[in-house]
Structures are given as C-alpha cells and as structure tokens.
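Here's the structure, in structure tokens; my notes come after.
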Amino acid sequence: MNRMNYNPKISVIIPVFNTEKYLEASLRSIMNQTYKNLEIICVNDGSTDNSLELLRKLQQEDERIIVIDKENAGQGMSRKKGMEKATGEWISFIDSDDTLELDAYERITAVISEDTDMVHFGIQMIYENGDLKVKTDNEYYNIKYDGLIEVPRTKLHKLDGSASNKLFKKSIIDKYNIRFKKILYEDFQFSMQYISIIDKIYYLPDKLYNYLRRGGSTMTST
C-alpha cells in the first residue's frame, strides 16, 4: 500500500436525536474536513425537535450527506441502520453533539498501512457546564500507546470502550457480523468485540475528537 496515494472512502455514521442546538456545528466539522472522500450518513432517530429539518437543509449543501429517518430506537440501532447503508472501506462513528478537528481524517488516513486493523485517536473533553466535569475522564480517554502495535490481549482493560475515537475496517465488521445491540453502553460492547478479533491497532495520541459532555446526554445520564 502506498500511503501517499491512499485515499479510501470513509463512511461517517452520525445518529441524531434532539440535538438541533449542536447538530450544525457537528455536521459542518465533518463537511469541512480537509479529507474529502467521505460518505456522511445521518440517522435521525425520531427526533421531536428541528433536527430532521436541519439535516435536510444541510443535505442540500453537500451531496455526500445521506439522511435516514426512522422511529426512535436508541443510538445503537441508529448506528446499526447507518452501517447497513455504508459503502466505505472504513467506518467512523460521530455523535451529533461532538465535533472533529478539521484535519482529523487527513491525519488518521496518513498513518494507515496494510497491517492496520483500527486507528485509535485521542479525545479532547469539552464541558458545557463546569459542574459536569468528571475527574476520571482524562485518565480513561488517555491513549496509552503510540504507533502501530499488536492488540494487548492481557491489557484490554486499559483501552477505552468508545466507538467515536476509532476508525474501523468495514471488511472486518462484515466478516464477523459485528453489530451494535439495543443496550446501554453499546459502544463498549461493539468496540471490545471488534478489538478481540483484530491483530494490530495504530494508536494516534493526537486529540482529534472533541467530546462535549453535557447534561441530558446518554453518557451523563448513565
């Protein structure tokens, strides 16, 4: 693989539920990526605010955006629905109240080699309300390694279970039928099932994902 010419399509899957306050900033952080070979799949999970209307509006600006509208069934089921539509070589999951650094996918694809089964990159915590600050966040999301290494089978407990700060290979997901389930912390189940199968992960300590911790979000509520 010549990484200089490596330009794989990335399917970005974004579940959306009542996040109109944050949605445009989140989606524009994907639309405006310096890396352009993206498929942006937005799954509206029965929102009761103006999220769907906003998605339709942004879809008119960018032909890469695909909007799926479905009844409310939870984030895991929205991601699963998006995966059914995905045609990219790699899959990325973004929450609709979070954002990416604008050169995130360019920096992520630059480190991929033939041996890379997953890219695990850093998270920058952003607190909407200072009272929500969780002391263990930075420790939990801290990247423990650097570069391409074999999966540390005996140290899986040192890896965070988020799906949003990782790039997954679609061929592996399809081969082993790895899917999200309708459970709390579906991220952890999906990520650990995937990691338990693969051989090598590229660890990129750069904080490319901006995670907004806010009142009312799934992680804050649980």
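The values are calculated or read from the model by the stated rules, or taken from the named source; none is laboratory data. Note that the structure is predicted; figures quoted are calculated from it, not measured. Heads up, the Cβs are rebuilt from the backbone with ideal geometry, glycines too, and the neighbour counts pull from every protein chain shown. Surface accessibility is based on the protein's heavy atoms, side chains included, excluding ligands, DNA and RNA. Shrake-Rupley method; radii C 1.70, N 1.55, O 1.52, S 1.80 Å.
Being within 24 Å of Leu208 (Cα to Cα) and touching a residue at least 40 places away in the same chain (Cβ under 8 Å) is the filter; apply it to region 172-186 and report the residue that is surrounded by the fewest Cβ atoms within 10 Å (Cβ to Cβ).
Top of the filtered list is Ile172.
List the helices (runs of 4 or more DSSP H) inside region 46-150, counting only whole elements, that have at least 2 residues being open to solvent by 80 Å² or more (accessible area, probe 1.4 Å) and out of contact with any strand residue (DSSP E or B) (no Cβ under 7 Å at 6 or more places or on another chain).
Once the helices (runs of 4 or more DSSP H) in region 46-150 are filtered for at least 2 residues that are open to solvent by 80 Å² or more (accessible area, probe 1.4 Å) and out of contact with any strand residue (DSSP E or B) (no Cβ under 7 Å at 6 or more places or on another chain), what remains is 51-61, 137-141.
Return the residues of region 151-171 that are in contact (Cβ under 8 Å) with a residue 12 or more places away in the chain and assigned to a loop (DSSP other than H, G, I, E, B); say none if nothing qualifies.
Val151, Leu159, Asp160, Gly161, Ser162, Ala163, Ser164, Asn165
Keeping to region 205-216, report how many residues are among the basic types (Lys, Arg) and either at pLDDT below 95 or assigned to a loop (DSSP other than H, G, I, E, B) (or both).
Looking only at that region, the number is 2.
Just to be sure, is Thr34 within 15 Å of the chain's Cα centre (by Cα), open to solvent by 30 Å² or more (accessible area, probe 1.4 Å) and β-branched (Val, Ile, Thr)?
No; evaluated as a whole, the condition is false for this residue.
Can you tell me which residues in region 187-199 are small (Gly, Ala, Ser) and open to solvent by 50 Å² or more (accessible area, probe 1.4 Å)?
Selection gives Ser196 alone.
Considering (1) assigned to a helix (DSSP H, G or I); (2) open to solvent by less than 60 Å² (accessible area, probe 1.4 Å); (3) under 26 Å from Ile30 (Cα atoms), say which one Tyr202 fails and leave the rest.
Every listed condition holds for Tyr202 apart from (1).
Go through (1) in contact (Cβ under 8 Å) with a residue 60 or more places away in the chain; (2) within 21 Å of Lys9 (Cα to Cα); (3) under 16 Å from the mean Cα position of the chain (by Cα) and name the single condition Gly76 misses.
For Gly76, the failing item is (2).
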